[in-house]
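Chemist: This is the structure I want to talk about, given as structure tokens.
Bear in mind these aren't lab numbers, they're just calculated from the coordinates by the rules spelled out. If you're wondering where the values come from, they're calculated on a predicted model, not measured in any experiment. Methodologically, a virtual Cβ is constructed for each residue, glycine included, from the backbone with ideal geometry; neighbour enumeration extends over all protein chains shown.
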Amino acid sequence: MSHPSPWAPSARPTPPRRVGYALMIAVIAGLMLSGLAPSSLWAARPVPQPPFPANPFAMLLVIRDWPWSDPTGWAQTVALIAQMGNGQARMSVNWAVSEPRPGQIRFDTINDEHIRSIEAQGLRPLVTLRVGCGWMNGCPPNGSRSYPPNDLSSVWHPQYGYSRSYYTFVKQFITHYRGHFDIVAIENEANSSLFWGGTADEYLRLIRTAYKAIKEADPNVRVIDSGMVSGMWGLCIARDWLESGYRSEAETMQMALAYYRRAAQTGVIPIRTVQDVRFWLAQPAVQQNCDRATTILSRLQGTVDALNFHFYEDYSVMHYVSEWIDRRTQMAGYTRPKLTNEVGQRGDLAYAQGAQHAKDVFKTLITAASLNLQAVTWFSGNLRDQPVAELFEGDGSWRPAAFTYRLVVSTLQNPFRFQSAASSGPTLYRYIFQDVTTGQPTLEAAWAEGDSQTVTLTAPPGSTMATVTDYQGGQQIYPVQNGQVTLTIGDPVFIRWQ
């Protein structure tokens, strides 16, 4: 029996040659605070100033009929990203495009056109910086989209890091665009040979050089790593747990099967049984990729301002990834905030066009906020070879999930910040958000898995009514009686206390 690889990349930006996994961002079970007394639950707390953009939402969008290589198609794409309420649009900057010949950096390429179009819509570019394939590396023939530069040394130079040519380009490019970028990712999915043709050590030398150049050119830019393929996390976590004894074999297998449940349902990764988990853990490619992932995580200290990950699985298992990243970096002696510059959902066309997709978008975005991710980039792209749940039709028309996405993003940008989880499953989910301007917890997001549940909610002090908005935008108003409101919670809703 042949087994599709779980290491298949999530693919995307380089104008659509292949666009990758739709993904799902998930919930963290350890946030459950259901034992809090109402007075503690609703206590106003200081809201820390976020170190990243005030609007953390971004989008990476590919519409079938709007090719990025066409200025009109790209402009339409960016305009749609802005309509969704995002603050940023993800794009790639390819060194081989901006400097086609040594020493001849240009600022009139498609890279620059994409930046201008994004800013014309009032958005900020969220950049993925790639070496690409050109004079700087000889463009090896093995099919990767990016390779280390030929002058990448094994010896650090105090002036230009490990690569004079790369350092010079990065510093000149970021200096030219000083003040234009909030976040810059170095490469895309460096654990995937489709995107990175070098070793883990070469990537680490490259990102350290980039960090030096970027910080010298614009200290306010937040540098992040490439993110890693979503399909790797479950197996790498399982291997670590088993080898270290961190969890029992039963717990490990339960986690792994839960992690790959959605991927198995869509036929992307056929891990459905304990035997499947054991089969994949024994594969040399899995072991090599996990070695690469742990090597990179263990050596990013001093080279990134936040840790980036890509995620496509069910929201109920994302906490495993978040916790494992923390575990591995703490073992290496450092911690960093986390973000994702690529999240989304798996699903076929019927799912993508239906109501369940919209409900899952709501849950995904809310649980992303509950994880305190510093930025969240939704990926919606037309994909030929893998099931992907897109927000839009091929002509750019909106599916139900697109309206839900805009509802959630616009609601949270009032602005609200996550405060606490009143309940985080497994059947009832309630998340409380603070109004940043007042410090008061006046917004809740809630849903139930399985049967609906009747819940009596304690209103914040001074509230007289609750406006309940469902995931489709429909509203009902409930009066507060004796400081409480009783609701039946099923499909996702916002509860706004007034």
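Chemist: Amide H of VAL388 versus every other amide H placed in the peptide plane: which residues, excluding those fewer than 5 positions away on the same chain, fall under 5 Å?
Modeler: Hits under the 5 Å cutoff: GLY347.
Chemist: Follow-up. Can you give me the C-alpha center-to-center distance between segment 449-498 and segment 186-215, rounded to a whole angstrom?
Modeler: About 47 Å separates the Cα centre of segment 449-498 from the one of segment 186-215.
Chemist: Quick one: what are the phi-derived ³J(HN,Hα) couplings along segment 231-247, Karplus 6.51/-1.76/1.60 with θ = phi - 60°, whole Hz, x for glycine and proline?
Modeler: Values, residue by residue: x, 7, 4, x, 6, 5, 5, 4, 4, 4, 4, 5, 5, 8, x, 5, 9 Hz.
Chemist: Each residue of segment 486-491 in turn: what ³J(HN,Hα) in whole Hz from Karplus with 6.51, -1.76, 1.60 and θ = phi - 60°, glycine and Pro shown as x?
Modeler: Residue by residue, segment 486-491 yields 9, 10, 9, 9, x, 5 Hz.
Chemist: Over the chain, what is the relative contact order in percent, taking alpha-carbon pairs closer than 8 angstrom and at least six residues apart?
Modeler: For the chain, the relative contact order is 20 percent.
Chemist: Could you list CYS236, CYS290 so that the one with the fewest beta carbons within 10 Å of its beta carbon is first and the one with the most is last?
Modeler: CYS290, CYS236
Chemist: What number of lysine-lysine pairs in the chain show an alpha-carbon separation below 21 angstrom, given a sequence spacing of 8 or more or placement on distinct chains?
Modeler: 5
Chemist: Starting with the fewest neighbours, write out ASP348, ASP276, ASP451 ranked by other beta-carbon atoms found within 10 Å of each beta-carbon.
Modeler: Neighbour counts put them in this order, fewest first: ASP451, ASP348, ASP276.
Chemist: Once amide H atoms are built 1.01 Å from N in the peptide plane, which residues 5 or more positions from LEU126, or in another chain, come under 5 Å H to H?
Modeler: Here ALA89, ARG90, MET91 satisfy the definition.
Chemist: Given H placed 1.01 Å from N in the peptide plane, which residues other than close sequence neighbours of HIS157 have an amide H under 5 Å from its amide H?
Modeler: Close amide H contacts, sequence-distant or interchain: TYR162.
Chemist: Using helices alone, I'd like the mean residue ellipticity at 222 nm for the chain: each DSSP H run of four-plus residues gives -39500 (n - 2.57), total over residue count, nearest 500.
Modeler: Only helices count here, giving -9500 deg cm²/dmol.
Chemist: For the residues TYR203, TYR160, TYR259, what sequence is obtained by ranking on other C-beta atoms within 10 Å, fewest first?
Modeler: TYR160, TYR203, TYR259
Chemist: Could you size up the charge dipole of segment 430-497 around its Cα centre, putting +1 on the beta carbon of Lys and Arg and -1 on that of Asp and Glu, and report it in debye to the nearest 20?
Modeler: The calculated dipole for segment 430-497 is roughly 220 debye.
Chemist: Hey, another quick one. For the chain, take the longest principal axis of its alpha carbons; what is the angle in degrees between that and the long axis of helix 71-83, to the nearest 10 within 0 to 90?
Modeler: In the chain, helix 71-83 runs at an angle near 30 degrees to the longest axis.
Chemist: Next question, about the same structure. Could you tell me how many degrees, from 0 to 90 and to the nearest 10, lie between the Cα long axis of helix 400-412 and the main elongation axis, the longest principal axis, of the Cα atoms of the chain?
Modeler: Once rounded, one gets 80 degrees.
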